[in-house]
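Enquirer: Sharing a structure, written as structure tokens. Questions coming.
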Amino acid sequence: MFHSNPIRIHTDSFHLLRFALIYVLIGASFTATGQNSRNLQEQYQLKIKRSNDPIRIDGALDETAWQNADKADNFWMSFPVDDQRAPQDIQTEVRFTYDDQYLYVGAICYGPDDYIIKSLKRDNLGFWEGDAFSILLDPVNERTNAFNFAVNPANVQSDALINGQTMRRGTGNFSGINDAWDNKWFSAVQTATDHWTVELAIPFRILRYKSSQTTWGLNFARGEPRSNSWHTWSPVPVQFISMDLGYTGVLLWDQPPPAVKSNISVIPYVSANSHNNVEEGEATTTGINAGVDAKVAVTSSLNLDLTVNPDFSQVEVDQQVTNLTTFDVLFPERRLFFLENSDLFSDFGIPPMRPFFSRRIGLDEDGNTIPIQYGLRLSGNLNKDLRIGLMNMQTKGINDQPGNNYTSLALHRQFFKRSVLRGYFHNRQGHADKSLLADDYNRTAGMEFNFVTQDGSTRAFGGYGMSFSDHIRNQNNSFYNIGAGYDNRNISIYSNLAGVGDNYYADLGFIPTQEHYDAIRDTTYHLGFNHLFSRASYTYYPENNGKIISHTWYLNHMRDWTTRASELIQNSFRTNYNISWKNTSMFLLEFNHQVNQLLYPFTFTDEPLPTGIYRYNTIGAIYVTDQRRLFSALFGISTGGFYNGKRQQYQLMFSYRKQPWGKFDLSFEQNNIRLPSNYGNENLLLVGPRIEINFSNNLSWTTFLQYNTQDDNFNINSRFQWRYQPMSDIYLVYTDNYAVEYWGPKNRAVVLKMNYWLNI
């Protein structure tokens with residue numbers, strides 16, 4: 001029996017947190033370098049006029065409406081510098097017009113025609129590493145949510161939802177960008193020797209806005225890879241990515257935009273499949289499935305998503321990783337139904353402590369599918385300051401296990417310009433014999449306040465929640481988090497403190513450090529813990545126009561300890577130096593001091609390591625070559641201690657691009673673990689070749705292979721996709737898994753799926 005104690009913060013951790021918060025308050029008194037965001041919408045305004053003539057989407061920009069439209073030009077540099085205009089020979093001009101159905105965007109992107117195009121596939125991973133033009137639309141103009149539409153010179157489309165979370169360059173934190181969101185819009189491109197032009201037609205029906213709103217937040221971003229630069233119309237400081245909502249100009253309508261009278265999309269599907277589970281000795285099964293998704297605009301800013309018997313067979317498999325921690329790894333959500341307005345539910349807490357994680361619905365712990373019978377989700381703005389998310393999902397019972405009904409409610413109330421008070425309630429209820437089970441449930445509820453200054457430089461937050469479960473005492477069942485951060489051009493500092501009690505359970509969440517596996521007893525223990533994280537970095541941008549963009553020095557500290565006895569779980573100090581060049585290459589040197597305590601025996605090799613405290617150091621380096629070239633690579637190496645032994649890691653990533661139709665990648669990671677003789681050694685190998693062939697913008701074939709000795713699995717995932725109509729696809733997917741150690745088939749499946757996007 002575990003007995004919890006009141007939260008006790010170690011003295012050194014408390015002083016570190018206090019120092020970080022004081023530093024933030026001091027830093028808040030300074031203004032971020034560059035334009036003050038409060039004045040931008042007064043300076044950067046673009047008027048839009050209705051077109052009296054039809055607009056033909058062909059990329060030519062030859063209609064009269066384009067000649068009469070106001071022009072946004074004279075873009076600013078946003079990266080690698082932010083204090084000068086973009087060069088005249090690579091400037092950008094943008095115009096707007098509209099009719100009753102579409103918002104039209106026309107742009108001329110000047111520059112030589114030696115374009116860099118990584119793939120012809122929509123929303124491909126390398127899209128933003130090549131030539132690109134994008135539009136940021138905030139129809140509510142509240143800096144909380146926006147739409148991003150982008151194209152490249154090959155007319156490859158990419159779209160995303162953006163939330164108001166500040167995103168600093170170089171942190172790798174892009175949780176505020178939901179690039180898996182897809183919708184139906186139209187574009188065309190024409191190219192010339194010294195420029196390329198683009199026309200977009202964005203249906204009003206896919207935008208969430210009130211027709212009385214005549215001032216929309218607006219910005220444009222242009223990626224110019226030859227100079228490794230980003231340009232924006234309304235200036236964005238170099239420390240923030242170009243899509244930051246704190247630095248928008250405005251789109252001024254000549255009259256209220258058209259009200260959307262009917263906005264219903266129905267997406268039925270039918271699929272045929274064949275499964276063979278050799279590992280379980282099951283016979284091959286075949287079947288035919290059908291289902292439907294629907295999107296209904298309840299109001300112009302509130303959307304209802306419905307799904308019946310959804311099928312996600314076309315979603316690409318997770319990219320496997322070598323896990324050398326004692327806790328689970330977080331894999332991203334890729335299923336389309338869960339992605340629109342997903343920040344409403346998922347942004348509570350702090351990484352990696354989230355009270356809501358949508359992959360808990362319809363997937364087991366190994367990522368295998370649990371059939372979903374139906375689902376509905378209401379999300380969007382009730383008014384300009386209040387957002388709502390309401391979701392209900394029902395899963396089937398499997399193998400004598402009951403199904404589950406999941407309900408989630410989230411409310412976001414905006415204050416000031418970018419600050420939000422938000423609350424949530426999540427409920428998992430067992431379901432069997434067509435009724436809910438009163439003795440099988442888990443519920444979590446909480447509130448948070450997130451304060452962000454208008455320019456995004458300073459933020460502070462705090463939250464508190466509780467959980468309630470059957471057969472669990474309602475004591476020590478809380479979840480808290482507080483933190484603050486400050487960013488300017490050179491300095492970034494952030495600190496948070498969070499914790500959960502021994503009896504806090506979040507069946508719809510992801511809080512990995514709670515679960516501790518005992519390798520001898522083959523049992524998992526659930527423990528409350530406190531988590532302290534602090535980081536600080538300094539970035540220096542050379543003033544000359546040399547080859548180096550920036551030098552960054554980074555330091556972070558993380559400490560976890562149990563609530564019941566203040567026992568250490570882990571404590572780490574990490575520091576690195578990063579240098580970035582204009583040719584997109586990068587070098588990183590890192591040192592890590594790690595202290596881990598195994599509260600229970602845990603095995604990485606053959607024999608479990610005993611409980612106790614382990615201290616060790618590692619040093620490593622990574623070099624990334626010029627990513628603009630047809631051939632690029634990453635080289636990484638680290639060496640040092642690992643618990644009571646040693647570990648060496650080697651990383652290699654090679655990429656070859658046959659522009660624009662082919663992309664061939666190979667990732668390689670080798671971890672050699674050497675422990676004292678009685679605990680054994682282990683060589684963990686992870687190899688992942690990936691081949692992508694694009695026959696056209698609408699026809700592609702992708703094959704992803706993963707050889708993972710840690711999971712004893714070799715996986716083949718091959719997917720053929722034909723987009724025969726906008727947002728309507730035919731997929732042929734083949735998946736095969738083999739055991740690595742003794743080499744034998746585990747399971748395989750073939751799926752043929754067709755869907756059709758119908759607007760009513």
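Enquirer: Could you sort out which of Lys118/Lys547; Lys582/Lys658; Lys295/Lys396; Lys184/Lys434 sit more than 26 Å apart by Cα distance in this structure?
Expert: Details: Lys118/Lys547 24 Å; Lys582/Lys658 23 Å; Lys295/Lys396 23 Å; Lys184/Lys434 37 Å.
Where the Cα-Cα span goes over 26 Å, the pairs concerned are Lys184/Lys434.
Enquirer: Below 8 Å between Cα atoms, with a sequence gap of 6+, how large is the relative contact order for segment 348-392 in percent?
Expert: On the way: 33 pairs, mean separation 9.8, N = 45.
Across segment 348-392, relative contact order equals 22 percent.
Enquirer: Still on this structure, I have one more. How much length is gained if the chain between Asn697 and Asn39 is pulled fully straight, taking 0.36 nm per residue apart and subtracting their Cα-Cα distance, in nm to one decimal?
Expert: Details: separation 658, 0.36 × 658 = 236.88 nm, distance 4.09 nm.
Taking Asn697 through Asn39 to full extension adds about 232.8 nm, to one decimal.
Enquirer: Note down the magnitude of the dipole of the chain about its Cα centre, charges +1 on Lys and Arg C-beta and -1 on Asp and Glu C-beta and zero elsewhere, to the nearest 20 debye.
Expert: Charge dipole, the chain, about its Cα centre: 1380 debye, nearest 20.
Enquirer: For all pairs of alpha-carbon atoms in segment 51-164, what percent lies in each bin of width 10 Å, listed from the first bin to the last filled one?
Expert: Histogram of Cα-Cα distances, whole percents per bin: 12, 36, 42, 11, 0.
Enquirer: Can you run phi through the Karplus equation (6.51, -1.76, 1.60; θ = phi - 60°) for segment 322-335 and list ³J(HN,Hα) in whole Hz, with x for Gly and Pro?
Expert: 8, 9, 10, 9, 9, 10, 5, 9, 8, 9, x, 6, 10, 7
Enquirer: May I ask for the Rg/Rh ratio of the chain, computed from Cα atoms with Rh as the Kirkwood radius, given to two decimals?
Expert: Working: Rg = 26.3 Å, Rh = 27.8 Å.
Ratio of gyration radius to Kirkwood radius for the chain: 0.94.
Enquirer: Still on this structure, I have one more. With each label point set 7 Å from Cα along the Cα-Cβ vector, what nm distance links Lys396 and Leu666?
Expert: 4.2 nm
Enquirer: Tell me which lysines have Cα within less than 16 Å of Lys47's Cα, excluding those fewer than 8 residues away on the same chain?
Expert: Lys71
Enquirer: Also: Taking Cα atoms, how many degrees apart are the long axis of helix 11-27 and the longest axis of the chain, rounded to 10 and kept between 0 and 90?
Expert: Taking Cα atoms only, the helix is inclined about 10 degrees.
Enquirer: Projected onto the charge dipole of the chain (+1 at Lys/Arg Cβ, -1 at Asp/Glu Cβ, origin at the Cα centre), which of Pro54, Val740, Ser728 gives the Cα projection farthest towards the positive end?
Expert: The Cα lying farthest towards the positive end belongs to Pro54.
Enquirer: Could I ask something else about it? So what's segment 31-253 giving for Rg/Rh, alpha carbon basis, Kirkwood Rh from the mean inverse pair distance?
Expert: On the way: Rg = 16.0 Å, Rh = 17.4 Å.
Taking Rg over the Kirkwood Rh, I get 0.92.
Enquirer: Moving on. Given labels modelled 7 Å from the Cα in the Cβ direction, how far is it in nm from Asp53 to Tyr374?
Expert: Those two pseudo-labels are separated by 5.1 nm.
Enquirer: Does anything in segment 252-275 have its amide N under 20 Å from the 7 Å Cα→Cβ label point of Ala290, and if so which residues?
Expert: Label zone hits: 265-274.
Enquirer: Taking the Cα centre of each part, how many Å lie between segment 34-92 and segment 227-266?
Expert: Result: 11 Å between the Cα centres.
Enquirer: Let me ask something additional. Restricting to Cα pairs below 8 Å that are 6+ residues apart, what does the relative contact order work out to for the chain? Please round to a whole percent.
Expert: Values: 2037 pairs, mean separation 81.4, N = 760.
Reported as a whole number, the value is 11 percent.
Enquirer: Please work out the C-alpha center-to-center distance from segment 690-746 to segment 591-653 and express it in whole Å.
Expert: Their Cα centres are 29 Å away from one another.
Enquirer: Hey, another quick one. Please list the non-local residues whose amide H lies under 5 Å from the amide H of Leu103, H modeled 1.01 Å from N, same-chain partners needing a gap of 5 or more.
Expert: Ile202, Phe204
Enquirer: Then there is this: Extending each Cα 7 Å along its Cβ direction at Ser677 and Lys434, get the distance between those two points in nm, one decimal.
Expert: 6.9 nm
Enquirer: Continuing with this model, one more query. Want the number for Tyr525 to Tyr734: 0.36 nm per residue separation, take away the alpha-carbon distance, what's left?
Expert: Details: separation 209, 0.36 × 209 = 75.24 nm, distance 3.79 nm.
This chain segment gains 71.5 nm when fully extended.
Enquirer: Can you put Glu543, Glu340, Glu682, Glu279 in order of Cβ neighbours within 10 angstrom, beginning with the fewest?
Expert: Glu543, Glu279, Glu682, Glu340
Enquirer: Would you kindly state how much longer the chain becomes between Asn747 and Thr603 on full extension, computed as 0.36 nm times their sequence separation minus their alpha carbon distance, in nm to one decimal? Don't jump to the answer; show the numbers that get you there.
Expert: Values: separation 144, 0.36 × 144 = 51.84 nm, distance 2.70 nm.
Full extension of this stretch gives 49.1 nm more.
Enquirer: Arrange the following residues from fewest to most other Cβ atoms within 10 Å of their Cβ: Thr97, Thr735.
Expert: Details: Thr97 23, Thr735 18.
Least to most surrounded, the residues fall as Thr735, Thr97.
Enquirer: Still on this structure, please answer the following. Taking 45 Å as R0, compute the FRET efficiency from the Cβ-Cβ separation of Phe449 and Gln101 and round it to 0.05.
Expert: Working: r = 40 Å, r/R0 = 0.90.
With a Förster radius of 45 Å, E is 0.65.
Computed from the coordinates by the stated procedures, all read-outs in this text should not be read as laboratory data. It should be emphasised that the depicted structure is a prediction, and the values quoted were computed from it without experimental measurement. We place every Cβ from the backbone using ideal geometry, glycine too, and count neighbours over all the protein chains shown.
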